[in-house]
Amino acid sequence: MVADGAVVVQDGAIVEVGRYNELIGRYQPDEVIGSSRHVVIPGLINAHHHVGLTPFQLGSLDMPLETWIVARWALREVDPYLDTLWCAIQMIESGITTVQHNHMAARLPPEMGLYDAASQVLDAYDASGMRVAFSMFTRDQNHLVYEDDERFLSTLPSELAERARERINIRPTSLEEYLSATAELHSRRSGPRTNIFVSPHNVHWCSDEMLTAMSDLARRQETGFHVHLQETIYQRMYGTRHWNKTPLAHLAELGTLGPEVSCAHGVWLSESDLDILSETGTAICTNPSSNLRLKSGVAPINRLLERGVTVALGIDEAGINDDNDILQEMRMAQKIHREPGVLSPHPTSHDVFRLATSNAAKVTFFDDVGTIEPGKRADLVLIDMERIEEPYLHPDTDVVDALIYRGKGLDVDTVLVDGEVILRDRKFLKADKAEVAVRLKESLSRELTDREARAGRLSKDILPYINYWFSEWELESGEGHYTYNLR
């Protein structure tokens, strides 16, 4: 940390960092941004994210993941360009300059090819000025419950089974189509602010053939491999039932783990899983608010950090306030991992800060951001400390502690990406935010389409059967990494 510091930026890169009074005498800047009341930090990075308007905003209350996924069928379709641009503006306003956007292939317009549909999302990020590590996730099995589709469908009334079968085949994305579209995206859309990743949805939702083919593509393209992992206890139990090992151990057996791999959530990790992650260099993207909202649990972040595993922080579309405020997500991440006991470990503010900066830069494959040092790209955020310090803050307070304990997105004043100012005085400069909001509202004011109405009715009709199927599982009592209340 540099008191009374400044950052010299030229051609989008950081040239020098030091005391303001010294640097201003050596350089003749075209512009001086900020003041003595501002703190300059690296651009923050949202390491796991899906969509803009949240399920709650679109009418779906929080529920356990397994039923929440089916309840989301009732959500109306949202224009992917407008949805992404609106969300990007929100993220930038909270100091996020890079995001790992993991998009559902089935949520893209079914009448469009995968490449063209994904391009709408990437066009929105281009318009926003943000960096993005983009992937489409897909699956080829267990679409309804953690069971073979036809086996589960055979337990339903025939008319309901036929409607459900039609739903899961609404966009039949073959492995070949997915690999071809992703390779084309990697070839044509990769750039200084865009990385294209490969993403199987989750271990239990993908066949071994799909998992290994996607891993092979990621390694050939020298890009990232992003997968959901052991988000819920049911997902870990699936591994026990089907492979007599955890899903992570199954990935290890397939040879698909390594430094290019990041796993979202990782809530239900075993002790042996922690060793596998450490030994293979595989990363975890933790999402504390989402895991609380969907009754998934608390990831063992303290144990992961003790083993030297790279952990990054994501909002997963479902931050605690539905507003993409990563500073509040950082605070949630710190507080939820404060275990009882005077000598028990807990992440410091600096630990949490790294989860959303340098660690997240590794996970998104943007090695030239995440810290403020000469040679790095000038992704910078200016935080106005006035509200944080009002009416009093002890002058010896560590500035990172102050940000994590009291900072909010509304304290973000200015945001630069590659030295380009894209937010100034809390005003987004790349597009008219009010106009984007109006266009998004107008697009959602229409009547439901027949397809949306059918999906809503199907969701309502099938949810009791989904609930019943999972209620038959007797929950495992596995090892606990944290002790909050013994009795």
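Exactly one residue among W205, W243 is open to solvent by less than 60 Å² (accessible area, probe 1.4 Å), without any contact (Cβ under 8 Å) to a residue 24 or more places away in the chain and of a type in the set (F, W, Y), and that residue is W243. Are there any pairs, at least 6 apart or on different chains, whose C-beta atoms fall under 9 Å, with the first in region 427-453 and closer than 27 Å to E111 by Cβ and the second polar (S, T, N, Q) and open to solvent by less than 80 Å² (accessible area, probe 1.4 Å), and if so, which? Close Cβ pairs (under 9 Å, with a partner that is polar (S, T, N, Q) and open to solvent by less than 80 Å² (accessible area, probe 1.4 Å)) amount to A431/S128.
Just checking, does region 415-438 include any residue being more than 30 Å from D126 (Cα to Cα), open to solvent by less than 20 Å² (accessible area, probe 1.4 Å), within 28 Å of the chain's Cα centre (by Cα) and of a type in the set (F, W, Y)? No: region 415-438 contains no residue that is more than 30 Å from D126 (Cα to Cα), open to solvent by less than 20 Å² (accessible area, probe 1.4 Å), within 28 Å of the chain's Cα centre (by Cα) and of a type in the set (F, W, Y). Please indicate, with yes or no, whether at least one residue in region 34-44 is assigned to a strand (DSSP E or B), crowded, with 16+ Cβ neighbours inside 10 Å, touching a Ser or Thr at 6+ places or on another chain (Cβ under 8 Å) and modelled with pLDDT under 95. Within region 34-44, not a single residue is assigned to a strand (DSSP E or B), crowded, with 16+ Cβ neighbours inside 10 Å, touching a Ser or Thr at 6+ places or on another chain (Cβ under 8 Å) and modelled with pLDDT under 95. Scanning region 225-235 for residues being surrounded by fewer than 24 Cβ atoms within 10 Å (Cβ to Cβ) and not polar (S, T, N, Q) gives a total of 2. The set of residues in region 195-206 being under 15 Å from A181 (Cβ atoms) and not small (G, A, S) consists of I196, F197, V198, P200. From the list V417, V436, V399, the lone residue that is closer than 18 Å to L382 by Cα, touching a helix residue (DSSP H, G or I) at 6+ places or on another chain (Cβ under 9 Å) and modelled with pLDDT of 95 or more is V417.
The condition (being in contact (Cβ under 8 Å) with a residue 24 or more places away in the chain, open to solvent by 20 Å² or more (accessible area, probe 1.4 Å) and closer than 18 Å to N302 by Cβ) is satisfied by just one residue among D398, D384, D351: D351.
Against the numbered list (1) free of Cβ contacts under 8 Å to residues at least 24 places away in the same chain; (2) assigned to a strand (DSSP E or B), A47 comes up short only at (1). Just one of the listed residues (P300, P340) is farther than 23 Å from I96 by Cβ and surrounded by fewer than 21 Cβ atoms within 10 Å (Cβ to Cβ), namely P340. Summed over region 246-269, the residues that are closer than 20 Å to F134 by Cβ, open to solvent by 20 Å² or more (accessible area, probe 1.4 Å) and hydrophobic (A, V, I, L, M, F, W, C) give a count of 0.
Under the condition of being in a loop (DSSP other than H, G, I, E, B), open to solvent by 60 Å² or more (accessible area, probe 1.4 Å) and of a type outside the set (S, T, Y), the residues counted in region 4-32 number 7. Report whether or not E317 is out of contact with any helix residue (DSSP H, G or I) (no Cβ under 7 Å at 6 or more places or on another chain) and closer than 23 Å to S199 by Cα. Yes, satisfied.
Among the helices (runs of 4 or more DSSP H) confined to region 209-294, the ones with at least 3 residues that are of a type in the set (A, V, I, L, M, F, W, C) are located at 233-243, 247-254, 271-280. Identify, please: which residue in region 45-86 is closer than 22 Å to I284 by Cβ and more than 18 Å from the chain's Cα centre (by Cα) and is, among those, least open to solvent (accessible area, probe 1.4 Å)? Checking each candidate, the answer is E66. Residues that are open to solvent by 10 Å² or more (accessible area, probe 1.4 Å) and closer than 30 Å to V32 by Cα occur at least once in region 326-335. If you go through region 102-118 and pick out every residue that is surrounded by fewer than 24 Cβ atoms within 10 Å (Cβ to Cβ) and either modelled with pLDDT of 95 or more or among the aromatic types (F, W, Y) (or both), you end up with 1. All conditions in (1) of a type outside the set (A, V, I, L, M, F, W, C); (2) crowded, with 16+ Cβ neighbours inside 10 Å; (3) in a loop (DSSP other than H, G, I, E, B) hold for R167, with the sole exception of (3).
The values are calculated or read from the model by the stated rules, or taken from the named source; none is laboratory data. Because the structure is predicted, anything quoted here is derived from the model rather than measured. Every residue, glycine as well, gets a Cβ built from its backbone with ideal geometry; the counts of neighbours run over all protein chains shown. What goes into the accessible areas is simple: the full protein's heavy atoms, side chains included, and nothing from ligands, DNA or RNA. Shrake-Rupley method; radii C 1.70, N 1.55, O 1.52, S 1.80 Å.
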